[in-house]
Structure formats: C-alpha cells, structure tokens
1. May I ask you to say which residue of SER81, SER73 is among the polar types (S, T, N, Q) and in contact with a strand residue (DSSP E or B) (Cβ under 9 Å, 6 or more places away or on another chain)?
2. Do we have any residue at all in the range 155-178 that's under 18 Å from ASN255 (Cβ atoms), more than 24 Å from the chain's Cα centre (by Cα) and not in a helix (DSSP H, G or I)?
3. Which residues, taken from the range 219-250, are of a type in the set (S, T, N, Q), open to solvent by 30 Å² or more (accessible area, probe 1.4 Å) and either in contact (Cβ under 8 Å) with a residue 60 or more places away in the chain or closer than 17 Å to LEU94 by Cβ (or both)?
4. Going through ILE227, ILE219 one at a time, which residue ends up being under 29 Å from the mean Cα position of the chain (by Cα) and β-branched (Val, Ile, Thr)?
5. Might you let me know whether the range 138-149 holds any residue that is at pLDDT 85 or above and under 28 Å from LEU92 (Cβ atoms)?
6. Taking the residues in the range 14-34 that are open to solvent by 80 Å² or more (accessible area, probe 1.4 Å) and part of a helix (DSSP H, G or I) as candidates, determine which candidate is modelled with the lowest pLDDT.
7. List pairs: first residue in the range 270-287 and in a loop (DSSP other than H, G, I, E, B), second residue of a type in the set (S, T, N, Q) anywhere in the structure, Cβ distance under 7 angstrom, at least six positions apart or on different chains.
Amino acid sequence: MLTFVPTLLIGSFIVFFLQHLVPGGPAAALLGGGDITPEAVEAVNERLGLNRPLFVQYVDWLMHVVRGDLGVSFRDQERVSRFIIQRLEPTLLLVGGALLVALIVGGTLGIWAALRKEHWDGRAVQTLTGVGLSVPNFWLGTLAVGFFGVYLAVIPVGGYVPLSAGMPASLHSVIAPILVMSMISTVMVARHLRSSMTLVLESVHLRTAQAMGLRPHEIYLNYALRIAVAPLITFLPLVVSQLVGSTVVAERIFNIPGLGSGIVQAVNNRDYPTIQGVILVILCAVTVLNLAADLALNALDPRIRQLRN
C-alpha cells in the first residue's frame, strides 16, 4: 500500500520524459508533411504549452491529474478521460477473457503436468508449453485471421460489437483475439504452476501425509494446490501486464477500437496527453492488482501474516 503513490509518480515521471525523447513532436504531427517553418512550429508549441521547461510541464500535468483532469488531446481536442472511457470496454473484455482462458486452461495443464511428471503425457504438456512460449502473438493473430476468418469463415475477420448490442454478439466478435492473446499467458501459467506444485509435492509434510494414508485427491486439492497457488498469485499481475501489452497487437490485427490501438494512434500523432493518460490508467490497474495479490497471499498463507505481525 505504501508503494502505491510512489509507483504511480515514478512511472508517470519516466513516461512523461521518455515520450519527449522520441524524434519529432506534436507540432510536426499537427502541421503534417511538407515545408514546416520554425515559426509555425514555435506557434504550435506556444499554443500547447510545450515551450515551457519539461519539469514545469510535468508538474502542471500532475496538478490537473490530482483534480481529476487528464487533459485534452492535442490531435482532436477531445478530453482524454472521454477517450479512455470510450475505448475501455473492448480492452477490458479482451484482457479479462484472455486471463480467464489462461487460468482455466493453463491451471489445468500445470496441475496435470505436475501430477504426471514421470509419464509421457506430463512430459508432453511440458514440451508443448515450451513450444507455445516461442510462438509470437502477431504471427498467431495473422494466421487466425487468414485461416479461420477468411478461409473457413468461422470467426469474424475484424471489428467489435459493443456489449450494448448483446452479450453473445459481443463475445463472438472478440473470441478470436481472446484466444490469440491467451496463448502466451496460458503457457506461462501452466509452467509456473507446474514448477510450484512439483516442489510442494516433493516436500516432507506432503510425503508424510501420503505415508499416513490420506487419499490422493485430499492431498492434491486441500494441501498441495493451496500452497502451490501462492506463487501463481504473485505472478498474476505480470500476466495481466503481458495481456495489456498484447492488446496493442491484437487490436490492430482484428481492428478493435480499444486502448491498445488507441495508444498506437496517439504515439504516431505525438499526442502526449493521451499517451500519458492511458499509461497512467494502466499503471493504476497494475498497481491495484499487485495490492490485491498481496492481500490474497496474506489471506491464504498464515506464515506471511505471522511475519508481518
């Protein structure tokens, strides 16, 4: 909890200054191609307040954020908060759906690989998850659009149907990007859970439980899984961060108007307020997830509660 505000401040500070290192600037993007005079660039910079020192600009932006104002887009003069709200729904649906698939499929594979580690099927799962880690999302997305969307016509090629038009139609429009995005996360969850559960199953107290005659499903579900899931909980914020990054590629390939495609558009236009606002929202989400993971660990593992007390 104590790191929440410092994390947001440091993250927003780094992003604010890094975006000014990118060649070009908002003035060049707004004035377009052709011969751009220094006077025209200076006039745009003065109008947008970009001729002030960077630190002054950052403090000014931060003061507006504290008051709940994320600023106005340089490009179309739209409020950044409105831009984020309009694009949040498809991104949440993609990230939430992919996370759900990763937890269900990856969790099942991880447990299976740990319980069957000496058998061919357990080794096969471990090998396949290793191969899955090396498959890039952009290649998988392009393949899904070409084969399943164009050739077989079983999934939409692109576009997004909002939830207001009905849940089935909305889910049908995002099922392909969800499956593509969940590929890497699924194998990450499977391999992580397999490693932690293998260690737990080899521990002394579980061997003792086996020697005392407890039934296998009691050992696996009541003891081994409860301990093995703790490292996975701390790992989940990283999985969500990976999924948020995947939306940049998935939303571009499947033509979905979410935050991922929006931030690419903002970067191309050097739209600093929009970039800063979107990344601040993502930083808040990941920081809250880290906090939720700590609270969940505290509730699950009595040893952590004892250490903190």
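1. SER73
2. No, the range 155-178 contains no residue that is under 18 Å from ASN255 (Cβ atoms), more than 24 Å from the chain's Cα centre (by Cα) and not in a helix (DSSP H, G or I).
3. Here is the first cut: in the range 219-250, the residues of a type in the set (S, T, N, Q) are 222, 234, 241-242, 246-247.
If we keep only those that are open to solvent by 30 Å² or more (accessible area, probe 1.4 Å) as well, we get 222, 234, 241-242.
Result: THR234, SER241, GLN242.
4. Selected residue: ILE227, the only one of ILE227, ILE219 that is under 29 Å from the mean Cα position of the chain (by Cα) and β-branched (Val, Ile, Thr).
5. Kept after step one, since they are at pLDDT 85 or above, are these residues of the range 138-149: none.
Within the range 138-149, none of the residues are at pLDDT 85 or above and under 28 Å from LEU92 (Cβ atoms).
6. Filtering the range 14-34 for residues open to solvent by 80 Å² or more (accessible area, probe 1.4 Å) gives 14, 18, 21, 23.
Then drop every residue that is not part of a helix (DSSP H, G or I), which leaves 14, 18.
Numbers: ILE14: 87, LEU18: 83.
Looking at residues that are open to solvent by 80 Å² or more (accessible area, probe 1.4 Å) and part of a helix (DSSP H, G or I), I get LEU18.
7. Going by the 7 Å Cβ cut-off, the qualifying pairs are ASP271/SER73.
Here is a yes/no grid of residues against (1) open to solvent by 20 Å² or more (accessible area, probe 1.4 Å); (2) not β-branched (Val, Ile, Thr):
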residue: HIS119; (1), (2): yes, yes
residue: GLN126; (1), (2): yes, yes
residue: VAL135; (1), (2): yes, no
residue: GLY146; (1), (2): yes, yes
residue: TYR151; (1), (2): yes, yes
residue: SER164; (1), (2): yes, yes
residue: ILE175; (1), (2): yes, no
residue: THR186; (1), (2): no, no
residue: GLY213; (1), (2): yes, yes
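The values are calculated or read from the model by the stated rules, or taken from the named source; none is laboratory data. None of these values were measured; they are calculated from a predicted model. FYI the Cβ positions are ideal-geometry reconstructions off the backbone, even for glycines, and counts take in every protein chain you see. Note: areas computed on protein heavy atoms with side chains; ligands, DNA, RNA excluded. Shrake-Rupley method; radii C 1.70, N 1.55, O 1.52, S 1.80 Å.
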